Amino acid sequence: MKYIIIGVIALVIIFILFNQFGGKKGNNVISQNTNNFEAKDNTSEKEEPTLGTLKKIKSEDYNRFILTKSTTESYILKGIKEYGELSGNEEYKIYNFGIAEYGNWKIIIVDKSISFYVYHNLVGWLSGYEENRAIPELSIGFSKNKTDSQEDYLFFLDPENEYGDTQIGTFRNGESFSIYLPESYEKYGNLTIKKEIQVSMKENVDYISEQGFNISDIESLKYTEHKIKMNE
């Protein structure tokens, strides 16, 4: 009997500890520490992951940008070119990328014909694909809808994913989502709205502003065009 009581007490202690340290992803705010994103978790509830709702993204409805902090133009161009050679196919196209400077930020505007897959993977690729002193402190995707600002969305690599193959983000309308990069090759992508993910557009835009870039200026910047060959 004594051992049964001890066993029950041990199980109760384990249960308390599990609930204390369990939690869902909440109010993720971009924060940089040795090129990783740090998530703020303001909840203590445990919520089971859901399959979520797939949302079609029509690339032609957006002006698409990559926001990079504390890097160089040569690093960006080299990174895009090397990414463009990954497929190894002989067939290629020439794409236009624009780069603008804003303080210690380099803002990239992406060619309109670049696929959902390539755009989102480039944001992750530029986060650090090799040992390089010019790796940006931050690499953030921002897609601005041409007709409905509520459909604007912002995203970055999930700081809690050790494989670096998943992005999380938010629409201006408050919906948060995830993107599993290896399977984002469908025409309209695989952006999935998930209730257990909570990313705040306002908090992230405010954080970017604190880091020296006013995102509302993004379309008025002077972009220098670069033509880059990318294999199909």
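The values are calculated or read from the model by the stated rules, or taken from the named source; none is laboratory data. Everything numeric here is computed off the predicted structure, so don't read it as measured data. So basically every Cβ, Gly included, is an ideal-geometry build from the backbone, and we count neighbours across all protein chains shown. Accessible surface areas use protein heavy atoms only, side chains included; no ligands, DNA or RNA. Shrake-Rupley method; radii C 1.70, N 1.55, O 1.52, S 1.80 Å.
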Legend entry - Number of the exception - Gln150 against (1) under 20 Å from Tyr62 (Cα atoms); (2) touching a residue at least 24 places away in the same chain (Cβ under 8 Å); (3) of a type outside the set (A, V, I, L, M): (2)
Inset, instruction - Could you please find all residues in the range 51-62 being open to solvent by less than 30 Å² (accessible area, probe 1.4 Å) and not in a loop (DSSP other than H, G, I, E, B)? - result: Ser59, Tyr62
Inset, instruction - Quickly run through the range 166-182 and pick out the residues that are over 10 Å from Ile193 (Cβ atoms) and either in contact with a Pro (Cβ under 6 Å, 6 or more places away or on another chain) or of a type in the set (Gly, Ala, Ser) (or both). - result: Gly169, Gly174
Inset, instruction - Scan the range 216-229 and give yes if some residue there is of a type in the set (Lys, Arg) and part of a strand (DSSP E or B), otherwise no. - result: yes
Legend entry - Residue in the range 72-118 that is modelled with the highest pLDDT, counting only those that are of a type in the set (Asp, Glu) and open to solvent by 80 Å² or more (accessible area, probe 1.4 Å): Glu101
Inset, instruction - Answer yes or no as to whether Ile193 is in contact with an Asp or Glu (Cβ under 8 Å, 6 or more places away or on another chain) and open to solvent by less than 50 Å² (accessible area, probe 1.4 Å). - result: yes
Legend entry - Long-range neighbours under 8 Å by Cβ, at least six apart or interchain, first residue outside any loop (DSSP other than H, G, I, E, B) within the range 181-199, second buried (at least 19 other Cβ atoms within 10 Å of the Cβ) and acidic (Asp, Glu): Ile193/Glu175
Legend entry - Scope the range 146-158; condition open to solvent by 40 Å² or more (accessible area, probe 1.4 Å) and in a loop (DSSP other than H, G, I, E, B); matching residues: Lys146, Thr147, Asp148
Legend entry - Residues being open to solvent by less than 30 Å² (accessible area, probe 1.4 Å) and in contact with a helix residue (DSSP H, G or I) (Cβ under 8 Å, 6 or more places away or on another chain) - total across the range 206-232: 4
Legend entry - Which listed residue, of Ser178, Ser143, Ser200, Ser139, is more than 22 Å from Ile107 (Cβ to Cβ) and crowded, with 17+ Cβ neighbours inside 10 Å: Ser178
Legend entry - the range 78-131, subset closer than 26 Å to Tyr207 by Cα and part of a loop (DSSP other than H, G, I, E, B), residue farthest from the chain's Cα centre (by Cα): Gly103
Legend entry - Flag if Arg172 is out of contact with any Cys (no Cβ under 9 Å at 6 or more places or on another chain), within 20 Å of Leu77 (Cβ to Cβ) and open to solvent by 30 Å² or more (accessible area, probe 1.4 Å): no
Legend entry - Test set (1) of a type in the set (S, T, N, Q); (2) in contact with a Gly (Cβ under 9 Å, 6 or more places away or on another chain); (3) assigned to a strand (DSSP E or B) - Thr170 fails condition number: (2)
